[in-house]
Amino acid sequence: EVIRDEKGRWILRYNCFLRKYSIFIAELRGILDSLLLLRKQSYDEVTIQSDNLEVVEAICDYKLECSNSTLVRRIQ
């Protein structure tokens with residue numbers, strides 16, 4: 001994961017071992033971990049970019065009908 005500021009400069013870069021998760025779960029975990037790190041750094045406004053349409057749709061779906069609703073709910 002790479003976290004950048006509003007001018008595109010790197011704030012933080014990290015990686016972690018995710019076992020045998022699906023790509024969908026790995027993307028959600030990466031987004032959630034990034035948001036938690038940013039919260040600790042006192043960032044209160046962020047933009048998330050992802051090239052995974054399924055992830056974007058799950059995060060934007062407020063009905064939370066997906067099977068990973070707890071993870072999605074925490075991101076929202």
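Structure notes:
- Complete set of residues in the stretch 1-23 that are open to solvent by less than 100 Å² (accessible area, probe 1.4 Å) and modelled with pLDDT under 75: 1, 2, 12, 14, 16, 18
- Test result for residue 66, surrounded by 10 or more Cβ atoms within 10 Å (Cβ to Cβ) and modelled with pLDDT under 85: yes
- Some residue of the stretch 25-36 being out of contact with any Cys (no Cβ under 6 Å at 6 or more places or on another chain) and modelled with pLDDT under 85: no
- Test: residue in the stretch 25-32 that is part of a helix (DSSP H, G or I), without any contact (Cβ under 8 Å) to a residue 40 or more places away in the chain and over 14 Å from residue 72 (Cα atoms): no
The values are calculated or read from the model by the stated rules, or taken from the named source; none is laboratory data. Since the structure is predicted, the reported quantities are computational estimates derived from the model, not experimental observations. Methodologically, a virtual Cβ is constructed for each residue, glycine included, from the backbone with ideal geometry; neighbour enumeration extends over all protein chains shown. Just so you know, the surface numbers come from the protein's heavy atoms only, side chains and all, with ligands and any DNA or RNA stripped out. Shrake-Rupley method; radii C 1.70, N 1.55, O 1.52, S 1.80 Å.
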